[in-house]
Amino acid sequence: MLLYIIRRLVQSVLVMLTVALIAFTLFQFVGDPINNMVDQDTTLAERERIRKELGLDDPVIVQFWRFVENAARGEFGVSYRLKKPVAELIAERFPATLELSIISAILALGIGIPMGVYTALNRERWTAKLFMTLSLIGVSLPTFLIGIFLILIFGVQLRWLPTFGRGEVVDLGWWTTGLLTASGLKSLIMPSITLAVFQMTLIVRLVRAEMLEVLRTDYIRFARARGLKDRAIHFGHALKNTLVPVITIIGLQVGAIIAFAIITESVFQWPGMGLLFVQAISEVDIPVMAAYLMLIAFVFVVINLVVDILYVVIDPRLRTES
Amino acid sequence: MKTKLRSLALAGAAAAALLASAASAQEFRYAFQADAQSLDPHGLNETFTLGFLGNVYEGLTTYDADMNLVPALATKWEVVDPTTWRFELRKGVRFQEGQDFAADDVIFTWKRATSKESGQKARASLIKDIRKIDDYTIEITTPGPVPTLARELAWLYIMDKEWSTEHNATEAATPAQAGRENAYATTHANGTGPFIVVSREPDVKTVLKRNPNYWGQPKTNVQKVIFTPISQAATRVAALLSGQIDLAYPVPVQDWKRINAAPGVTALTGPEARTIFLGLDQWRDELTNSSVKGKNPFKDVRVRAAFAHAIDLNAIRDKIMRGASWPSGLMWAPQVNGYNPKMNTPYKYDPALSRKLLAEAGYPDGFTVGMDCPNNRYVNDEKICQAVASMLARVGIKVDLLAQPKSKFFAKVLASGGYDTPFYLLGWTPGSMDVHNVLSNLIVCRDKERNRGKYNLGGYCNKRVDELTDLIAAETDPARRQAYIDEAAAILQKEYGYIPLHQQPLSWGVSERVSVAQRADNVLDLRNVVVKE
């Protein structure tokens, strides 16, 4: 098992190096960062000096190696736009994104799984059909549209909820949280729903499909023949066997929630990493873009690893094989 | 116990939040599309940042709501001889942390502005030396005559020498610097202005409060200001409509109707001092990205004239700008010093003449040419380019339009990209609000040594205009200076060096709770904000 984890870790280093290389190749096409750092009156010589100081006149591969070298030492450079060390910026923004993502994930799982089970067990009931129709809408509507709709209804028309920002936050020194103030909690409602809708509807449909499959298998029939209670069959046998593929998808979706918080964060001006990244793109802030992409790659790698370990925990057959 | 504690904490927090969320009487909340880049007044020389900091810091001079130059930290000034200016400084002014303002602070500020990472170097280089006559009188000498000096100094904000020395901030710190040892002034401020920075979270929120010891009597009754950058236009408008903020800018032109229809808010508009124009590559021997090979048709003044007369500025105003643009015949706006309304006649829209000129120049069937355009820099920039393309199509010119985000657009068309554009759209607001700035950046021949003509992307070049620009830079007699300006404008118009389009509209969304002054340089001066009781 340990060996397996170590092997996976080595693989993930390779994955991250590849991500970094691709990212640096792409940075050549996003524009010229210097124009955003100087003003109209800056001389051409001055611009060239800055370009040289930042090493932007070096070939891509040199820039890439410099980045990898520094990153290995935990050094991610200074943001061109905000003039602050990138590590510090990301640490500042991380709590906002993580709180939003966790609340969304809880919403998506807490509502998605029971709903999926319900629709599978009561296929013919009209409520189940209604849920399925709603989930179809949820899967197909783009996130920003859901966000804008919510803003228009609950922010502009009814004026119940704030339309942007995180509200008042409490600074705990190493973490800022919006979970301890009323305005912080109110500010969380719309963004977390916006972010959760897609994942939730996906989980409903997935759990339902898997559950229907499992309910048709022989051992479920056998369980019924043994006279087990419905409850035990559905939750003890069927749901447990449904979960293996569901966990894979959910794991990746949790990564996606963090990564794709970008859109939700820009719609709600949520001061998290996604917003930082979007602004970095428009200002060609290469150090921020690089660090963010690496962080997201890292998150996915870790989640995949956790998912692999969870397989073993859930499915005893894998344990004996290894 | 635990739950009890938690509910207590929640209740406390809820009470605090309630208190915080209802805007108190003299609180003003506003949003812009981006944040101020830094609190360092000698950091990036960018309109919004300087405009924002102008509430905290002050220069020797300043602009009032109508863009007239008025005294600030200097009470009066006179030109002793063409290269010497004498400024009398305001007495009894204190910085926000209590230090006295005097001549030494001005000298210190100038030196700081010349430091390596300063964004105000160009401005500081207009000054050769500052001599202190007494604590409240200084004499500034310039390397040559600089008639616009008093205007330029409006943007050179005075910092306290003592404070900067104490916090090791005697040099401007910028972006590019990895070292943070001299970055104190990027996150702290101590100016002489009417507002004090209370707290700042870059990109999230900046809170200001009124300076009770301010020397002036500004119109404003605002005691507390909350500034939030909101990058998405739709979110900005929603925040305004929902009453969470009192002012949002810019708002999209297409949202004006919606804003005006909503209760309690209105769209505020007026001409901005920014001129939008088209430029043509007149220096390459072969035009890039064109069907014409081996020569450059834009070197022929008839072709340039044909382009100018094919574009219907009124149609652009009515169809694309919703009636809110001001067609222009000059490369500078009415608010710019040196503007002469008699010269401001746009090129006449005359497609028949265009076709005739093209035929005379040897292109009876027109030709194909590429066009570069930003799509997130100016008001409706991409739509204007599309309209221009379709208008040119009517006279036989096929335009191959490339509209890109500003970062990519500028990387291609500016000097760093080798001025890689045959035909482009650009906008310009002169930082000094003086014609000389337009001439020396856009219109003179490109000259790397003298740092001139950097934004003359099409390489227009006329020796007489160059001479006139030097004369305008040095001439202190207003009548003679205006004559030079008019001569330069006439040459440029006759040679079709550029095709001016219009002044674009300012576009703010404002709550009826407040009254504000909309300055033509798109600066929101909090001195003019009044909250209605």
Per the filter on segment A:151-174, residues within 16 Å of B:Arg236 (Cα to Cα) and of a type in the set (A, V, I, L, M, F, W, C) are A:Ile151, A:Leu152, A:Ile153, A:Phe154, A:Val156, A:Leu161, A:Phe164
Selection status of B:Ile259, in a loop (DSSP other than H, G, I, E, B) and farther than 30 Å from B:His436 by Cα: no
Counting only residues in segment A:23-41 that are over 18 Å from A:Pro287 (Cβ atoms) and open to solvent by 20 Å² or more (accessible area, probe 1.4 Å), the one farthest from the other protein chains (Cβ to nearest Cβ) is identified as A:Gln40
Suppose we keep only residues that are of a type outside the set (Gly, Ala, Ser), part of a loop (DSSP other than H, G, I, E, B) and in contact (Cβ under 8 Å) with a residue 40 or more places away in the chain within segment B:457-474. Which one would you say is surrounded by the fewest Cβ atoms within 10 Å (Cβ to Cβ)? B:Cys461
Residues of segment B:415-436 being open to solvent by 10 Å² or more (accessible area, probe 1.4 Å), in contact (Cβ under 8 Å) with a residue 40 or more places away in the chain and either within 11 Å of chain A (Cβ to nearest Cβ) or touching an Asp or Glu at 6+ places or on another chain (Cβ under 6 Å) (or both), which ones? B:Thr429, B:Gly431
Which of the residues spanning segment B:309-327 are in a helix (DSSP H, G or I) and β-branched (Val, Ile, Thr)? B:Ile316, B:Ile320
With the structure loaded, tell me whether B:Ala479 is in a helix (DSSP H, G or I), among the small types (Gly, Ala, Ser) and farther than 30 Å from B:Asp381 by Cβ or whether it fails that test. yes
Residue list for segment A:268-285, restricted to those being open to solvent by less than 20 Å² (accessible area, probe 1.4 Å) and either within 7 Å of chain B (Cβ to nearest Cβ) or of a type in the set (A, V, I, L, M, F, W, C) (or both): A:Phe268, A:Gln269, A:Trp270, A:Pro271, A:Met273, A:Leu275, A:Leu276, A:Ala280, A:Val284
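Does B:Gly270 satisfy being of a type outside the set (Phe, Trp, Tyr), assigned to a loop (DSSP other than H, G, I, E, B), under 23 Å from B:Pro250 (Cα atoms) and open to solvent by less than 50 Å² (accessible area, probe 1.4 Å)?
Spelling it out, it is not the case that B:Gly270 is of a type outside the set (Phe, Trp, Tyr), assigned to a loop (DSSP other than H, G, I, E, B), under 23 Å from B:Pro250 (Cα atoms) and open to solvent by less than 50 Å² (accessible area, probe 1.4 Å).
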Sole exception among (1) part of a helix (DSSP H, G or I); (2) over 30 Å from A:Ile103 (Cα atoms) for A:Leu228, by number: (1)
Looking at segment B:404-414, which of the residues that are open to solvent by 30 Å² or more (accessible area, probe 1.4 Å) and of a type outside the set (Lys, Arg) is nearest to B:Pro374 (Cα to Cα)? B:Pro405
Restricting the first residue to segment A:57-68 and requiring it to be open to solvent by 80 Å² or more (accessible area, probe 1.4 Å), which pairs with a second residue that is hydrophobic (A, V, I, L, M, F, W, C) meet a Cβ separation below 9 Å and a spacing of at least six or different chains? A:Ile61/A:Leu21; A:Ile61/A:Phe24
Considering only residues that are surrounded by 14 or more Cβ atoms within 10 Å (Cβ to Cβ) and among the aliphatic types (A, V, I, L, M), look in segment A:117-133 and name the one that is farthest from the chain's Cα centre (by Cα). A:Leu121
Does B:Ala261 fit the bill of being within 14 Å of chain A (Cβ to nearest Cβ), buried (at least 22 other Cβ atoms within 10 Å of the Cβ) and among the small types (Gly, Ala, Ser)? no
Could you tell me whether segment B:398-408 includes any residue that is outside any loop (DSSP other than H, G, I, E, B), out of contact with any strand residue (DSSP E or B) (no Cβ under 8 Å at 6 or more places or on another chain), closer than 29 Å to B:Gly338 by Cα and basic (Lys, Arg)? no
Among the residues of segment B:33-42, is any touching a strand residue (DSSP E or B) at 6+ places or on another chain (Cβ under 8 Å) and outside any loop (DSSP other than H, G, I, E, B)? no
Conditions first: (1) assigned to a helix (DSSP H, G or I); (2) of a type in the set (D, E, K, R); (3) surrounded by fewer than 18 Cβ atoms within 10 Å (Cβ to Cβ). A:Arg208 passes all but one, so which condition is the exception? (3)
Of the residues in segment B:467-507, those that are among the small types (Gly, Ala, Ser), touching a helix residue (DSSP H, G or I) at 6+ places or on another chain (Cβ under 9 Å) and within 16 Å of B:Leu330 (Cβ to Cβ) come to B:Ala488, B:Ala489, B:Ala490, B:Gly497
Right, B:Asn190: more than 13 Å from every other protein chain (Cβ to nearest Cβ), out of contact with any strand residue (DSSP E or B) (no Cβ under 8 Å at 6 or more places or on another chain), surrounded by 17 or more Cβ atoms within 10 Å (Cβ to Cβ) and of a type in the set (S, T, N, Q) or not? yes
Could you please let me know if A:Ala196 is more than 14 Å from chain B (Cβ to nearest Cβ) and closer than 30 Å to A:Glu88 by Cα? yes
Return the residues of segment A:42-55 that are loosely packed, with under 15 Cβ neighbours inside 10 Å, under 35 Å from the mean Cα position of the chain (by Cα) and more than 7 Å from every other protein chain (Cβ to nearest Cβ); say none if nothing qualifies. A:Gly55
Search result, residues across segment B:243-284 that are touching a Gly at 6+ places or on another chain (Cβ under 8 Å) and among the hydrophobic types (A, V, I, L, M, F, W, C): B:Leu247, B:Ala248, B:Val251, B:Ile259, B:Val265, B:Ala267, B:Leu268, B:Ile276, B:Phe277, B:Leu280, B:Trp283
Those residues that are at the interface with another protein chain (Cβ under 9 Å from one of its Cβ atoms) and either surrounded by fewer than 22 Cβ atoms within 10 Å (Cβ to Cβ) or closer than 17 Å to B:Tyr57 by Cα (or both), I need them from segment B:232-243; list them, please. B:Gln232, B:Ala234, B:Gly243
Only residues that are buried (at least 21 other Cβ atoms within 10 Å of the Cβ) and more than 14 Å from chain B (Cβ to nearest Cβ): list them for segment A:84-102, please. A:Glu99, A:Leu100, A:Ser101
Take the conditions within 14 Å of chain A (Cβ to nearest Cβ), open to solvent by less than 10 Å² (accessible area, probe 1.4 Å) and either at pLDDT 90 or above or in a loop (DSSP other than H, G, I, E, B) (or both) and apply them to B:Ala172. Does it pass? yes
Residue count for segment B:232-247, restricted to those that are part of a helix (DSSP H, G or I) and of a type outside the set (D, E, K, R): 8
Tell me the residue from A:Arg81, A:Arg123 that is in contact (Cβ under 8 Å) with a residue 24 or more places away in the chain, outside any helix (DSSP H, G or I) and within 24 Å of A:Ile249 (Cα to Cα), please. A:Arg123
Within segment B:205-231, residues being part of a loop (DSSP other than H, G, I, E, B) and surrounded by fewer than 21 Cβ atoms within 10 Å (Cβ to Cβ) number 12
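The values are calculated or read from the model by the stated rules, or taken from the named source; none is laboratory data. All figures in this text were calculated on a predicted structure; none of them were measured in a lab. Don't worry about glycine lacking a Cβ; one is built from the backbone with ideal geometry, like all the others, and counts go over all protein chains shown. In case anyone asks, the SASA skips ligands and DNA or RNA and just uses the protein heavy atoms, side chains included. Shrake-Rupley method; radii C 1.70, N 1.55, O 1.52, S 1.80 Å.
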